[in-house]
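Everything on this sheet refers to the single structure shown next.
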Amino acid sequence: MTRRGPLVAASVAILAVLVATACTSAPAEPITPSAPASVMVSPTRTSSASDATVVDASAIPTRWPIKHVVFLIKENRTFDQMFGTFPGANGVTTGMDHGVERPLIRGNDQLISDIPHCYDCSLLAWDQGRMDGFDQGGASSAWAYSQLHETQLPNYWSWARSSVLFDRFFSSAQGPSYPNHLYAIAASSAGTHDNPRRGPGIHSLTFGCDAPPGQFAEVTQPDGSVREVRPCFDLPTEGDLLTNAGVPWSYYAANEDQPGYIWSAYSAIRRYRENQRRWDRHVHPVDDVLTDIRAGALPPVTWITPRFELSDHPGSNFCHGENWTTQVVDAIMKSPMWKDTAIFITWDDYGGFYDHVPPPQVDGFGFGFRVPLIVLSPYAVDGKVSHELGEFSSVLRFTEDNWRLTKLTHRDRNATPMLSAFDFTQAPRAPQPLPLRDDCRGPIFSGSGT
């Protein structure tokens with residue numbers, strides 16, 4: 001039976017997504033699926049807080065005194081959009097628009113229209129490293145060159161001031177959510193540059209193996225050609241490495257009938273989405289994450305993605321989204337697991353917003369645009385802006401090094417594990433939970449987008 005939490009549900013469908021284009025890099029080598037492709041799954045999850053297993057994470061050897069890693073991924077913001085005015089960080093208050101300097105206006109807590117951020121859109125914005133093509137008409141003309149100020153994201157800024165903020169952290173792939181969420185679990189996008197495309201008349205809340213006929217992903221082949229396939233892959237993932245090493249893990253995401261399920265990355269991995277027992281063991285409703293934290297049921301490694309209306313994505317209310325993040329962080333800080341936890345908070349792609357730093361081009365897929373990364377931990381350095389280079393594979397690399405796992409692709413092999421965030425010789429810092437904001441205005445959700 002699917003559980004329902006206290007969060008408010010959205011009643012809108014996700015807009016159709018935009019097309020990808022070819023590139024020269026090839027997808028990762030596939031592995032043999034653990035379940036036949038013909039196996040079907042029921043439309044609801046069956047896990048519950050009452051049957052959640054409490055794991056003694058302290059009993060599993062680690063390289064550092066970190067026994068829990070939480071990778072919390074939110075939506076569609078750049079570093080300059082959120083932290084461009086942060087003291088000591090590499091941020092700006094003006095941008096370049098087709099060679100002309102343009103001020104970054106004060107942002108809006110609740111944008112009704114999504115800003116285009118497809119793969120082709122990102123290439124235009126990047127403009128061969130000139131970073132001046134973000135105005136592409138429509139909503140991008142109004143809001144791409146905008147910036148939130150400290151009073152509009154006080155808790156994010158508070159964490160950045162008291163812990164570690166990275167200003168050279170990039171999304172893994174040029175383009176939107178789908179490839180970047182795959183990188184966050186697999187250090188690869190399976191050859192995709194863009195969100196899956198829906199054919200005419202196709203409406204669904206999934207980007208995965210449970211997509212209806214007529215929905216497909218475009219995968220770049222070794223020769224640069226593009227093949228249309230089901231958005232369902234046999235891709236090695238971090239979860240597989242953890243399982244092989246005997247380290248429990250979980251992925252919290254929206255349910256199949258909730259906006260935000262598109263970010264449930266394991267829905268695109270065949271041996272999880274098409275094996276109900278494996279799915280229920282590892283993939284859980286995000287509405288239950290607070291209950292499970294308070295029950296001490298988070299395993300050593302946990303991914304968390306929000307429901308759409310609490311994601312910080314345009315269309316959602318940023319204030320309510322920040323409050324949801326605060327609830328998750330506060331719950332961890334108030335729990336026994338805080339003493340040995342590292343929380344990595346980031347945003348999955350640029351969402352059409354301006355950033356002035358050209359992303360290093362390490363292969364045919366990325367890096368994508370710069371996004372914020374905040375690291376919270378009892379061992380986090382107090383009030384540091386780190387200039388260490390990173391991307392989503394860096395969080396995987398930290399996890400791999402901590403539990404002495406193997407590697408997935410060249411991305412995590414080449415990544416640094418973000419150790420500049422930590423001082424493992426210091427006395428563990430006490431938790432500092434924050435109050436929820438009481439200044440949220442407007443509905444929790446008023447638009448749509450991807």
To the nearest 0.05, the calculated FRET efficiency linking D234 and L123 through their beta-carbon distance, R0 being 35 Å, is 0.80
Among region 139-166, those whose backbone N falls under 12 Å of a label point 7 Å along Cα→Cβ from I105 are 139-147
Among the Cα-Cα pairs of region 203-299, the proportion with separation greater than 20 Å, in percent, is 44 percent
Result for the chain: accessible area per residue, probe 1.4 angstrom, in square angstrom, of 35 Å²
Once T94 and R281 are pulled to full extension, the length gained, defined as 0.36 nm per residue separation minus their Cα-Cα distance, is 62.6 nm
Ratio for region 95-196, C-alpha Rg to 2.2 N^0.38 Å, reads 1.21
Restricted to the chain, the DSSP antiparallel beta bridge percent, nearest 5, is 45 percent
Here the Cα Rg-to-2.2 N^0.38 Å ratio for the chain is 0.90
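Given the Cα-Cα distance of Q221 and R437 and 0.36 nm per residue of separation, how much length would full extension add, in nm? Walk me through the intermediate numbers first.
Working: separation 216, 0.36 × 216 = 77.76 nm, distance 4.75 nm.
Net length gain for the segment: 73.0 nm.
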CD proxy, 222 nm, the chain: helix-only mean residue ellipticity via -39,500 (n - 2.57) per DSSP H run with n ≥ 4, per residue, nearest 500, stands at -5500 deg cm²/dmol
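The values are calculated or read from the model by the stated rules, or taken from the named source; none is laboratory data. Remember, predicted model here, so these are calculated numbers, not experimental data. Positions of Cβ are generated from backbone atoms using ideal geometry, with glycine treated the same way; all protein chains shown enter the neighbour counts. Accessible surface is based on the protein model in full, side chains and every heavy atom, while ligands, DNA and RNA are left aside. Shrake-Rupley method; radii C 1.70, N 1.55, O 1.52, S 1.80 Å.
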